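Right, one structure below, let's go through it.
The values are calculated or read from the model by the stated rules, or taken from the named source; none is laboratory data. The structure displayed is predicted, hence computed values, not measured ones. Cβ sites come from the backbone with ideal geometry, for glycine too, and all protein chains shown count toward neighbours. The accessibility values were calculated without ligands, DNA or RNA, using every heavy atom of the protein model including side chains. Shrake-Rupley method; radii C 1.70, N 1.55, O 1.52, S 1.80 Å.
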Amino acid sequence: MSVGRRQVVRHVLRVVELAALPVPPESGTLFAGRRFIVVDDGCGIALELAAMLERQGAEVRTPRDVDGPCDGLIHLGALRPAATSVLPEAYEGVRRALSGGLRWLVVASGAGGRFGQPFEGGIGDPRPGAGLRGLARTVAQEYPEVLVRALDVDTKDTPRAIASRMMAELLDPAAPVVVGHEGGLRRGLSLVPAELGGDPVVPLETDAVVLLTGGARGITARVALELARTSKCHIEVMGRTPEPVGEPAYPDIPDEAGLRRALVAAGRTQEIEATIRRTLVDREIRRNLESLREHAASVRYHSGDVRDAQTIRDVLSDVHRRHGRLDGIVHGAGLVENRLIQDKTPVSFERVYRTKVDGACALAQAAKPNLGFFAVLGGLAGVHGVRGESDHAAASDACAALAHMWRTRLRGRVLVADWARWGTGGEAGPIEPGAGAAALLWEIAHGDETQVVFTGAVT
Ligand SMILES: NC(=O)c1ccc[n+]([C@@H]2O[C@H](COP(=O)([O-])OP(=O)(O)OC[C@H]3O[C@@H](n4cnc5c(N)ncnc54)[C@H](OP(=O)(O)O)[C@@H]3O)[C@@H](O)[C@H]2O)c1
């Protein structure tokens, strides 16, 4: 189905079988004189792979982190026993290696060779490698000369078997970026259009309560408005900006250029751009809260940072105290700091990544298990990789991986919805915001996928 009445196309990810690769030759000169870093997994895979690479003429080091220039980087950090998430920290080493003229990049996760689905605890934990696929897909877009693989492996296989399969992937330039290995099976992920049936129902009662992080601005404000318009429910929104109070600044000046002229004419010499930004953000929030109040049963704005778990717990307790219920959460808070990897600092990567991922984890942890739905808004970059969006790609992909964990705790609908960025066109076409919001509500009401991708219909 094209949801949003034929304007939005819904896609789902499917695991597909890939042809097995030939067993790599025992020895030779395939990597003669090449320097490899194999970031150690501590379980023997790095040592096996190092030996295989050396038999092909490579010089190999197996440190615990990227410690110098190299031609090939194999990052096995997520395979260490009891590893916690390697991202966002691992980004810095990958970026450094890329800046030194990398030729081969492999990042490994240990989610079982089936990309973490389904996960019920124990082996195959998606957390340590969460986000690596999204990062790898973006590296492949920005560095077409580098052979890039995100390999998901089953750590129950022997280190030698896993290393041998990694070696085979290094020798196959035509393979897809994301590949899973489980025993002798080799798998990939494919994005396929999938219609969703059902009647257009709103998944909420009128006295329902929904919290939308980021809901006072941007696309999440559109989702909030669509929810309020169609369900008349209670809306709680959250952002870092303090709630605007008092009279709005410069009410007669509608645009940025006019504000700049007015500030200069008033003799302002400092913080002109910051004042303009604050004024525009303040207006956007006021406008959106006003529109929401026209439709919702009630509207409450919470000022706070989603990355802070205590703040999230406080907001959720406040909602429960006032309403006695919370029916759904939409985590739309996010930052847009798009830059190519060569210009994207680890600090910026971490800020964008943590806003999406730490925020989502804090919400999933603080919510009561009977929450009706938990929807995270991600970007198309997570499934395709988009130049300049390594941070979004990694964060969206991490949420898709972690959703399998959240599902073990939350009994209601858990969903990561990756959206085509509207207004930018692209081969699939942009999504009109209202239609995108309607598609999300339709999905919450009728779908059962952990991850869906919405793009605009090709016209
Ligand atoms: N725009 C698109 O077309 C598009 C497409 C696909 C996916 N997305 C995703 O949607 C997200 C938002 O995009 P947008 O275009 O709507 O951006 P936006 O207009 O800048 O809105 C971002 C919202 O997130 C809030 N926010 C940011 N950091 C926060 C934090 N630490 N704690 C609480 N709230 C925070 C912002 O409020 P404050 O500034 O007040 O904190 C704002 O309300 C992005 O993460 C992106 O991945 C967007």
Could you tell me whether I74 is closer than 28 Å to R14 by Cβ, open to solvent by 10 Å² or more (accessible area, probe 1.4 Å) and among the β-branched types (V, I, T)?
no
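For the structure I just gave you, tell me whether S85 is of a type in the set (S, T, N, Q) and over 18 Å from P159 (Cβ atoms). Write out each step before concluding.
Numbers: of a type in the set (S, T, N, Q): yes; over 18 Å from P159 (Cβ atoms): yes.
So S85 passes the test.
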If the requirement is being more than 14 Å from the ligand (Cβ to nearest atom) and in contact (Cβ under 8 Å) with a residue 24 or more places away in the chain, which of these qualifies: A266, A224, A262, A228?
A228
Restricting the stretch 253-270 to residues that are among the basic types (K, R) and not in a loop (DSSP other than H, G, I, E, B), the residue that is least open to solvent (accessible area, probe 1.4 Å)
R260
Expected single match for in contact with a Pro (Cβ under 6 Å, 6 or more places away or on another chain) and among the hydrophobic types (A, V, I, L, M, F, W, C) among I37, I45 is I45
For the stretch 91-113, what are the residues that are closer than 16 Å to P128 by Cβ and open to solvent by 10 Å² or more (accessible area, probe 1.4 Å)?
S109, G110, A111, G112
Just give me the residues in the stretch 231-252 being away from the ligand (no atom under 13 Å from the Cβ), open to solvent by less than 40 Å² (accessible area, probe 1.4 Å) and assigned to a loop (DSSP other than H, G, I, E, B), in sequence order.
C233
Quick one: D199 ticks every box in (1) surrounded by fewer than 19 Cβ atoms within 10 Å (Cβ to Cβ); (2) part of a helix (DSSP H, G or I) except a single one, so which number is it?
(2)
Name the single residue that is most open to solvent (accessible area, probe 1.4 Å) among those in the stretch 354-402 being within 10 Å of the ligand (Cβ to nearest atom) and among the acidic types (D, E).
D358
Which of the residues spanning the stretch 202-221 are more than 16 Å from the ligand (Cβ to nearest atom) and open to solvent by less than 20 Å² (accessible area, probe 1.4 Å)?
A208, V209
Matching residues in the stretch 317-362 - criterion: being within 30 Å of G412 (Cβ to Cβ), in contact with a helix residue (DSSP H, G or I) (Cβ under 6 Å, 6 or more places away or on another chain) and in a helix (DSSP H, G or I):
V352, Y353, K356, V357, A360, A362
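Report the residue count in the stretch 280-304 for those that are crowded, with 18+ Cβ neighbours inside 10 Å and in a helix (DSSP H, G or I). Lay out the reasoning, then the answer.
Applying the first criterion (crowded, with 18+ Cβ neighbours inside 10 Å) to the stretch 280-304 yields 285, 288-289, 292, 295-296, 299-302.
Those left that are additionally in a helix (DSSP H, G or I): 285, 288-289, 292, 295.
Total satisfying the criteria: 5.
Return a yes/no flag: does the stretch 39-50 have any residue that is modelled with pLDDT under 95 and either surrounded by 14 or more Cβ atoms within 10 Å (Cβ to Cβ) or not β-branched (V, I, T) (or both).
Yes, there is a match, as at least one residue in the stretch 39-50 is modelled with pLDDT under 95 and either surrounded by 14 or more Cβ atoms within 10 Å (Cβ to Cβ) or not β-branched (V, I, T) (or both).
Does R307 fit the bill of being assigned to a loop (DSSP other than H, G, I, E, B), within 30 Å of L98 (Cβ to Cβ) and more than 14 Å from the ligand (Cβ to nearest atom)? Show your work before the answer.
Details: assigned to a loop (DSSP other than H, G, I, E, B): yes; within 30 Å of L98 (Cβ to Cβ): yes; more than 14 Å from the ligand (Cβ to nearest atom): no.
Judged against the criteria, R307 is not a match.
Please pick out the residue among D318, D343 that is loosely packed, with under 15 Cβ neighbours inside 10 Å, away from the ligand (no atom under 16 Å from the Cβ) and without any contact (Cβ under 8 Å) to a residue 40 or more places away in the chain. Break it down stepwise before answering.
Details: D318 fails: away from the ligand (no atom under 16 Å from the Cβ).
Just a single option satisfies the conditions, and that option is D343.
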Conditions (1) more than 15 Å from I235 (Cα to Cα); (2) within 18 Å of the chain's Cα centre (by Cα); (3) open to solvent by less than 20 Å² (accessible area, probe 1.4 Å) -> I329 fails only (1)
